[in-house]
Amino acid sequence: MNEIIKSFTIGMTAAGISLTAASAEEWRFNNFLPETRPESAQLEQFVTEVNDALGGETTLKLYSGGSLGLPNTDTLRFLPKGAVEMSLMWANYLGRDAPALSSVVVQGTIGSIEEFEKAIPTVREIYEEEFAEWDVASVGYVAIPMLSVSVFCREEPVRTLEDLKSKKLRVWARDQVEAFTRLGVSAQIIPQEEMYVAMKTGVVDCALYPALYAHTVSLQEVSKYASFLYPMASGPYVIGVSADLWAETDETFKAVISEAADDLWDRTNQYEADYQRELAARDTLAEGGIVWGEDFSDEDRQAFVASVTETWKMLAEEAGGNAPAYRERVLTALGRN
């Protein structure tokens, strides 16, 4: 791990990115999500609560949409070295450096709010332990809604896995690539910021994406059709701070951060209204020109879940280290062991 970080630090310096910490009066909070995302609004409120409580002594400033130029996949490299004081992190983006993280919650294996609520405490414990190994303190969490993932297509409706086999599909995580490959579907990872152009130019025919957030990336401008495929629970976003910086931080500042983080979790860890928000999002996208087709069939969804479950086991075994044990802990929390 230290060699990875050392190499990354040299690379950043060569690229002219300063690792010098900000002044004591400001902590920069790196948020890779676009400003238009609901989570970003929640983070803005978190920042406001912290700053109001501090009365100007120390200020948090949120930088959204990757505006600091720090790739979210490199968080475990830049955060411990002080490139930024605080950063949002998502485990599924960090599997290159910490393979065990990408198999804690594989998207598609947990398909109900009731199951997910059983798993969340264990997932948070695992994240805290794993990030500590990378010298990162987990100081807060942001829950991700129980999302409904749909297949958005450019030219013609796709409502079956059989039809999807003839298309090039955009996904955002390796577990999705593996699961769809098992089903005979050609899937490739394309970052969110490149998805619009990939769809517009035909690099891919269809894109996997939650309807709730599709308008934030203008997916309705490059898609004509959409159909729901599967419900998705994800591990929460984590707010991280360098462990060394956190250890040196004034206890009053820590307490303010912790209190605001608790409020943030309480606000976001709510799932009852997710389906109504999903329906409203679909209506908005339909107004933008997308035609909503029938859902993928129960048989197709069951086939997808079966494929994801096998993928979860494979990825955990492949990652090695703590990954198989993490999977077993989550399965135990779900009552599946």
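Summary table
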| read-out | value |
| --- | --- |
| Crossing angle, helix 251-268 versus the chain [Cα axis fit, 0-90 degrees, rounded to tens] | 20 |
| ³J(HN,Hα) computed for each position of the range 323-335 - Karplus, 6.51 cos²θ - 1.76 cosθ + 1.60, integer Hz, glycine/proline x | 4, x, 5, 4, 4, 5, 5, 5, 4, 5, 4, 7, x |
| DSSP beta bridge pairing in the range 61-209, given as percent antiparallel to the nearest 5 | 40 |
| Global geometry of the range 236-337, whether rounded, prolate or oblate, following the gyration tensor of its Cα atoms and the 1.5 cut on a/c | oblate |
| Backbone N within the range 215-252 under 15 Å of label point (7 Å from Ala303 Cα along the Cβ vector) | 229-230 |
| Sequence-separation-based contact order of the range 194-337, relative, with Cα cut under 8 Å and 6+ spacing, percent | 32 |
| Leading residue at positive end of dipole, the chain (Cβ point charges), from Ser67, Trp265, Tyr225 | Tyr225 |
| Top positive-direction residue, dipole computed over the range 108-175 with Cβ charges, set Pro145, Ser112, Val171 | Val171 |
| 0 to 90° range, to nearest 10: angle between helix 2-14 axis and the chain longest Cα axis | 90 |
| Built amide H within the under 5 Å cut-off of Ser186, gap 5+ | Lys167, Leu169 |
| Only Lys, Arg (+1) and Asp, Glu (-1) charged, at Cβ; the range 95-224 dipole about Cα centre in debye | 720 |
| In nm, spacing of pseudo-spin labels at Thr73 and Glu129 (7 Å Cα→C-beta vector) | 2.8 |
| Mean ellipticity per residue at 222 nm, deg cm²/dmol - from DSSP H runs of n ≥ 4 across the chain, formula -39500 (n - 2.57) | -14000 deg cm²/dmol |
| Rounded to 5, the percent of DSSP beta bridges in the chain classed as antiparallel | 60 |
| Share of alpha-carbon pairs per 5 Å distance bin for the range 107-181, given as whole % | 3, 11, 17, 16, 17, 14, 9, 8, 5, 1 |
| Given charges at beta-carbon only (K, R positive; D, E negative), |dipole| of the range 170-284 in Debye | 840 |
| Fewest-first ranking of Leu334, Leu79, using other Cβ atoms within 10 Å as the exposure measure | Leu334, Leu79 |
| P(r) tail fraction, the range 77-204 - alpha-carbon pairs more than 26 Å apart, % | 35 |
| Other-chain or far-sequence residues with amide H under 5 Å of Tyr237's (modelled H) | Val142, Ile144 |
| Cα-based Lys pair tally, the chain, threshold under 22 Å, eight or more apart or on separate chains | 12 |
| Cα Rg, Dmax, the chain, angstrom units | 20.1, 60 |
| Rounded FRET efficiency, nearest 0.05, which uses the C-beta distance separating Tyr196 from Thr59 and R0 of 22 Å | 0.05 |
| Estimated dipole of the chain in Debye, rounded to 20 [Cβ of Lys and Arg +1, of Asp and Glu -1, Cα centre] | 1160 |
| FRET efficiency, Ser112 to Ala280 (Cβ-Cβ, R0 30 Å, nearest 0.05) | 0.90 |
| For Met314, Met199, order by how many other beta-carbon atoms lie within 10 Å, fewest first | Met314, Met199 |
| Helix 298-319 axis, angle to the chain major axis (alpha carbon atoms, nearest 10°) | 40 |
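Laboratory data are not the source of any read-out in this text; all were calculated from the coordinates shown. Quick caveat: nothing in here was measured; it's all calculated off a predicted structure. Reconstructed Cβ throughout: ideal geometry from the backbone, glycine too, with neighbour counts over all protein chains shown.
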